There are 2 protein chains.
Amino acid sequence: MGARHTDREYEAELERLRERILLLGAKVEAAIAAAIRSVVERDSAMARATIAGDREIDRLEVETDGLCLRILARRQPVASDLRFITLALKLVTDLERIGDLAVNVCERALELNEEPALKPYVDLPRMAEAARTMVREALDAFVAGDAARARAVIDRDATVDAYYAQIFRELLTYMMEDPRNIYRATRVQSVAKYLERVGDHACNLAEMVVFMVGGQDIRHGGHRPEAGGKEG
Amino acid sequence: MGARHTDREYEAELERLRERILLLGAKVEAAIAAAIRSVVERDSAMARATIAGDREIDRLEVETDGLCLRILARRQPVASDLRFITLALKLVTDLERIGDLAVNVCERALELNEEPALKPYVDLPRMAEAARTMVREALDAFVAGDAARARAVIDRDATVDAYYAQIFRELLTYMMEDPRNIYRATRVQSVAKYLERVGDHACNLAEMVVFMVGGQDIRHGGHRPEAGGKEG
């Protein structure tokens, strides 16, 4: 903070950066929601549209990175502004990769939609909703500069992990019951795994927000379970 | 470039940053090699030691990030130095996540070592070597500032993906043959998937090196297969 902050143009640039990140976040959230609908409702057209829409997410990532670099070069920010911009550089990477995971879910949807339905999905949409909410909450915490809210996101990851474990166990029983289920069950397992990774990325976002707000690096401080703890 | 470069202290800081990244890369490479040995040689002690060693990788990530922020705040770099430092911020994130994947491999090794061996692993160590080499080559390209070398890393990802597809197909046959193989086969599949993701991270590193060298962003320009193309 300080004299620099009287510079309206600079403030406008920072505001624009914040907006770009939120727009990217909104697009990524929508991609997750559409991706899981393409699985649950067996909607291949939606899957293809979501895959095509990833270009826009990629474009926004590149644009936002460029904006960060321009601000760094021209404004030479310090202290909290510098933390904000350098972490924006990292946030966009995580957001773009969540977008890639939505694409991966859609690719599995296209494969699954070629085959008869394995089972009705009950936990999968709930898991997707939990993961999507984590992304939303992490970005809300980012906007509000609210470290407590960001920490709450990290706590919620246990729920997403528990969904994954439950879905994985159930899929194992389908696989053991009939070998003809195996291929499809591995596809569904991949979808659940992507959602679990969305939760991990949301944790990364939240940890960065805590750092931005407090200048405190909690990334490896034990506030979240060991990397990839339960897994399948 | 320019007058700033006559500042020896500044040059020493940039050199130190480069060294930190290479040290992080070397540790991550060693972690992958040890992780896959803990699977192939069924060595749980090695798996546990590798998991414990991830703390050092995490520590180096935080330290390197801090170094980047200090240089940005104190030196206010521009042009190629600014690109170098902002991309260092992203490189360390990918390197740290490769370290997490090595931990994940070790966790699966511990589970697999509790059970009788499923099969002798032939492709898995080759796949690990291919992925590890991609990481090494991406960092060599980074040190040399060699965009062509970085592009070659991206081309090699197809080999790692092909290994994954082959291993996945073979595991499916084990699963279909005998339901008692299913659980272990899903563990081995996870290991292969982690290695495939190591290859993806190496591609990310390589794309960043191309950007750093040329100021050209190829991240979404079609130089690599669609995100997560073939998958299981």
Applied in sequence order to the range B:142-148, the curve 6.51 cos²θ - 1.76 cosθ + 1.60 (Karplus, θ = phi - 60°) yields integer Hz couplings, x standing for Gly and Pro, of 4, 5, 7, x, 10, 5, 5
With every protein chain kept in place and a 1.4 Å probe, the residues A:Lys27, A:Lys119 fall, from largest accessible area down, as A:Lys27, A:Lys119
The correct ranking of A:Ser190, A:Ser44 by accessible area at 1.4 Å, largest first, is A:Ser44, A:Ser190
Computed from the beta carbon distance with a Förster radius of 51 Å, FRET efficiency for A:Arg74 and B:Asn113 to the nearest 0.05 stands at 0.40
Ordering B:204-212, A:7-15 by per-residue average of other C-beta atoms within 10 angstrom, highest first, gives B:204-212, A:7-15
Expressed to two decimals, the range A:102-186 has a Cα Rg over Rh, using the Kirkwood radius, of 1.10
Once all protein chains are kept in place, B:Asp200 shows an accessible area at probe 1.4 Å, nearest 10 Å², of 40
Over all pairs of different Cα atoms in the protein assembly as shown, the reciprocal of the mean inverse distance gives a Kirkwood radius in Å of 22.6
Fraction of alpha-carbon pairs in chain B farther than 31 Å apart, rounded to whole percent, equals 28
The chain B residue whose Cβ lies closest to the rotation axis carrying chain B onto chain A, with that distance rounded to whole Å, is B:Gln76, 2
Put B:Glu111, A:Glu114 in order of accessible area, largest first, probe 1.4 Å, and you get A:Glu114, B:Glu111
homo-copy label distances at B:Arg126 (7 angstrom along Cα-Cβ), nm, one dp, ascending, are 4.4
With +1 on the Cβ of every Lys and Arg and -1 on the Cβ of every Asp and Glu, the dipole magnitude of the protein assembly as shown about its Cα centre, in debye rounded to the nearest 20, is 300
Once all protein chains are kept in place, A:Tyr121 shows an accessible area at probe 1.4 Å, nearest 10 Å², of 40
Candidates B:Val153, B:Val143, B:Val191; GNM for chain B (alpha-carbon contacts under 10 Å) flags as most fluctuating B:Val143
Averaged over residues of A:174-181, the number of beta carbons from other chains lying within 10 Å of each residue's Cβ is 3
Between chains B and A, the summed loss of accessible surface on complex formation, probed at 1.4 Å and reported to the nearest 100 square angstrom, is 4100
Here the correct list, in nm and shortest first, of distances from B:Val143 to the same site in the other copies, label points 7 Å along Cα→Cβ, is 4.6
For A:Arg180, inter-copy label-point distances (7 Å, Cα→Cβ), nm, shortest first, read 2.6
For the range A:56-165, the dipole about the Cα centre with charges only on Cβ (Lys and Arg +1, Asp and Glu -1), to the nearest 20 debye, works out at 580
With B:Arg184 itself left out, Lys, Arg at +1 and Asp, Glu at -1 over residues whose Cβ is under 11 Å from its Cβ give 0
From DSSP H assignment alone, runs of 4+ in chain B each adding -39500 (n - 2.57), the sum over residues rounded to the nearest 500 puts [θ] at 222 nm at -29000 deg cm²/dmol
Rounded to the nearest 10 degrees, the helix A:79-112 long axis (Cα) sits at an angle to the longest Cα principal axis of chain A of 20
With the dipole of the protein assembly as shown defined by +1 on each Lys or Arg Cβ and -1 on each Asp or Glu Cβ, the option from B:Thr86, A:Ile57, A:Pro125 whose Cα lies farthest towards the positive pole is B:Thr86
Restricting to Cα pairs under 8 Å and 6 or more apart, the percent relative contact order of chain A works out to 24
Quick calc, chain A, dipole around Cα centre from Cβ unit charges on Lys, Arg (+) and Asp, Glu (-), nearest 20 debye, gives 140
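The values are calculated or read from the model by the stated rules, or taken from the named source; none is laboratory data. What you see is a predicted model, and the numbers here were worked out from it, not measured in a lab. When we count neighbours, we look across all protein chains shown, and the Cβ atoms used for this are built from the backbone with ideal geometry, even at glycine. These accessible areas exclude ligands, DNA and RNA; they are computed on the full protein's heavy atoms, side chains included. Shrake-Rupley method; radii C 1.70, N 1.55, O 1.52, S 1.80 Å.
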